[in-house]
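Student: Have a look at this one.
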Amino acid sequence: MSKLKGKVAVVTGASKGIGAAIAKSLATEGASVVVNYASSKAGADAVVDAITRAGGKAVAVGGDVSKAADAEKIVNTAVKNFGRLDVLVNNSGVYEFQPIEAVTEEHYQKIFNINVLGLLLTTKAAVKHLSEGGSIINIGSVVTDLYPPASAVYTGTKGAVDAITGVLANELGPRKIRVNSVNPGMVETEGVQAGGFLGGDFEKGLVAQTPLGRIGQVGDISSVAVFLASDDSKWMTGERLVASGGLR
C-alpha cells in the first residue's frame, strides 16, 4: 500500500537535483505534490510531467522562498489545488564556497536569505495549514560535521538549519507536527557537476573518507524523505538524519 496516499506535499527547490527526486518519490508513494522552482520553470514542468505520466498528481509553482509573499503563494497553491497540506520539504538552497578573505555582505545575505530565511518563511506559511500528523522535513548538510575550509557562510547556514529543526520540533510538538532534517553528504546533482566537484581530487578525497566508498545519488536522499513524511517515522521529531554513506 502507498505510504502517502491522500497526503499533500510541498517541495521547495524541486526543479532539479535532490528536490526533484524527493518530489517524484513522494508522488510514487501516493502524495499530491507542489513542485516549487525559483527560476527553472522548464525543470519544474518536467518533474510535474514525469509525475503525471506515472499516474500521480502534481503542479508547479514559481516563487522565491526568501520573500514572504512568495512563500505564502507556494503553500497556498497546495491548499488551492489539493485542499490541504500534510508535508513540507524545505529543500531550497544555494551554496558557494568562499575563503574568509572573499566573504562579502552580498555573499552572506544571498546564502542566508535562501537557506535560512526561506526555510523560516515557508514554514511560517505552512503551519497555518498543517494539522496533527503533519511533517516538516528540512534539508541540511553533512558539512556541519565536517567543517570544510572556505565554507564558513554555507556551513553557518546549515548549522542554523540544525538548530531551527530542534527548536521547531519543540515548538510544534504540542500540535503533533513533526520536524526533522536530512543531512546529505556529497550527492551527484546538476549543481555539484556544474561546480566542478566531480571527477577530481575533491571527490576522491571524500570517497576515501566514506565507509560505503562512493558519493551519494539523489535516490539515497529521497527515500529518507519518504520515511520522514510517512507514518513509519511517527514517533520521531527533532532528529537530524545524516545520509552520507558514513562520512563524518
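Student: In this structure, is Val182 assigned to a helix (DSSP H, G or I), modelled with pLDDT of 95 or more and hydrophobic (A, V, I, L, M, F, W, C)? Step through it out loud before you land on a result.
Tutor: Numbers: assigned to a helix (DSSP H, G or I): no; modelled with pLDDT of 95 or more: yes; hydrophobic (A, V, I, L, M, F, W, C): yes.
Against the criterion (assigned to a helix (DSSP H, G or I), modelled with pLDDT of 95 or more and hydrophobic (A, V, I, L, M, F, W, C)), Val182 does not qualify.
Student: Let me ask something else. Considering segment 73-118 alone, what residues qualify as being surrounded by 14 or more Cβ atoms within 10 Å (Cβ to Cβ) and among the basic types (Lys, Arg)?
Tutor: Within segment 73-118, Lys73, Arg84, Lys110 meet the criteria.
Student: Within segment 48-69, is even one residue out of contact with any helix residue (DSSP H, G or I) (no Cβ under 7 Å at 6 or more places or on another chain), acidic (Asp, Glu), modelled with pLDDT of 95 or more and farther than 19 Å from Gly219 by Cα?
Tutor: no
Student: Within segment 227-248, which residues are in a loop (DSSP other than H, G, I, E, B) and of a type outside the set (D, E, K, R)? Break it down stepwise before answering.
Tutor: Going through segment 227-248, the residues in a loop (DSSP other than H, G, I, E, B) turn out to be 230, 234-239, 244-248.
Answer for segment 227-248, where residues must be in a loop (DSSP other than H, G, I, E, B) and of a type outside the set (D, E, K, R): Ser230, Trp235, Met236, Thr237, Gly238, Ser244, Gly245, Gly246, Leu247.
Student: Does Ser39 count as on the phi < 0 side of the Ramachandran plot, surrounded by 15 or more Cβ atoms within 10 Å (Cβ to Cβ) and of a type in the set (Gly, Ala, Ser)?
Tutor: On the way: on the phi < 0 side of the Ramachandran plot: yes; surrounded by 15 or more Cβ atoms within 10 Å (Cβ to Cβ): no; of a type in the set (Gly, Ala, Ser): yes.
Considered against the rule, which asks whether it is on the phi < 0 side of the Ramachandran plot, surrounded by 15 or more Cβ atoms within 10 Å (Cβ to Cβ) and of a type in the set (Gly, Ala, Ser), Ser39 comes out as no.
Student: Regarding Gln193, is this residue modelled with pLDDT of 95 or more and surrounded by fewer than 15 Cβ atoms within 10 Å (Cβ to Cβ)?
Tutor: On the way: modelled with pLDDT of 95 or more: no; surrounded by fewer than 15 Cβ atoms within 10 Å (Cβ to Cβ): yes.
Criteria not met by Gln193.
Student: Counting only residues that are farther than 14 Å from Glu239 by Cβ and acidic (Asp, Glu), which one in segment 147-190 is surrounded by the most Cβ atoms within 10 Å (Cβ to Cβ)?
Tutor: Checked segment 147-190; the qualifying residue surrounded by the most Cβ atoms within 10 Å (Cβ to Cβ) is Glu188.
Student: Could I ask something else about it? Out of Gly216, Gly159, I need the residue that is farther than 27 Å from Gly43 by Cα and either of a type in the set (Gly, Ala, Ser) or touching a Ser or Thr at 6+ places or on another chain (Cβ under 8 Å) (or both). Which one? Talk me through it step by step, then tell me what you get.
Tutor: Numbers: Gly216 fails: farther than 27 Å from Gly43 by Cα.
Being farther than 27 Å from Gly43 by Cα and either of a type in the set (Gly, Ala, Ser) or touching a Ser or Thr at 6+ places or on another chain (Cβ under 8 Å) (or both) holds for just one of Gly216, Gly159, which is Gly159.
Student: Looking at the structure I just gave you, is Glu96 in contact with a helix residue (DSSP H, G or I) (Cβ under 8 Å, 6 or more places away or on another chain) and under 20 Å from Ile18 (Cβ atoms)? Talk me through it step by step, then tell me what you get.
Tutor: Working: in contact with a helix residue (DSSP H, G or I) (Cβ under 8 Å, 6 or more places away or on another chain): yes; under 20 Å from Ile18 (Cβ atoms): yes.
Yes: the conditions hold for Glu96.
Student: Among the residues of segment 138-156, how many are touching a Pro at 6+ places or on another chain (Cβ under 8 Å) and in a helix (DSSP H, G or I)?
Tutor: Number of matching residues: 1.
Student: Among the numbered conditions (1) assigned to a helix (DSSP H, G or I); (2) in contact with a helix residue (DSSP H, G or I) (Cβ under 9 Å, 6 or more places away or on another chain); (3) over 27 Å from Ser15 (Cα atoms), tell me where Glu132 comes up short.
Tutor: The one condition Glu132 does not meet is (1).
Student: Turning to a different aspect of this structure: Only one residue in Gly159, Gly205, Gly173 is touching a residue at least 60 places away in the same chain (Cβ under 8 Å) and either touching a Lys or Arg at 6+ places or on another chain (Cβ under 6 Å) or in a helix (DSSP H, G or I) (or both), so which one is that?
Tutor: Details: Gly159 fails: touching a residue at least 60 places away in the same chain (Cβ under 8 Å); Gly205 fails: touching a residue at least 60 places away in the same chain (Cβ under 8 Å).
Matching residue, one of Gly159, Gly205, Gly173: Gly173.
Student: Separate question: Inside segment 1-104, counting only strands (runs of 3 or more DSSP E) that do not spill past its ends, which hold 2 or more residues that are touching a residue at least 40 places away in the same chain (Cβ under 8 Å)?
Tutor: Working: elements: 8-11, 32-37, 58-62, 87-90.
Ranges flagged: 8-11, 32-37, 87-90.
Student: A further question on this structure: Across segment 42-58, which residue is nearest to Ile111 (Cα to Cα) among those that are surrounded by fewer than 19 Cβ atoms within 10 Å (Cβ to Cβ) and among the aliphatic types (A, V, I, L, M)?
Tutor: In this case the residue turns out to be Ala42.
Student: Turning to a different aspect of this structure: Restricting attention to segment 196-224, which residues are loosely packed, with under 13 Cβ neighbours inside 10 Å and over 23 Å from the mean Cα position of the chain (by Cα)?
Tutor: Correct list: Gly199, Gly200, Asp201, Lys204, Gly205, Ala208, Pro211, Gly213.
The values are calculated or read from the model by the stated rules, or taken from the named source; none is laboratory data. Here the structure is a predicted model, which is why all the values come from computation and not from measurement. A quick note on method: Cβ atoms are made from the backbone with ideal geometry, for glycine too, and the neighbour counts reach across all protein chains shown.
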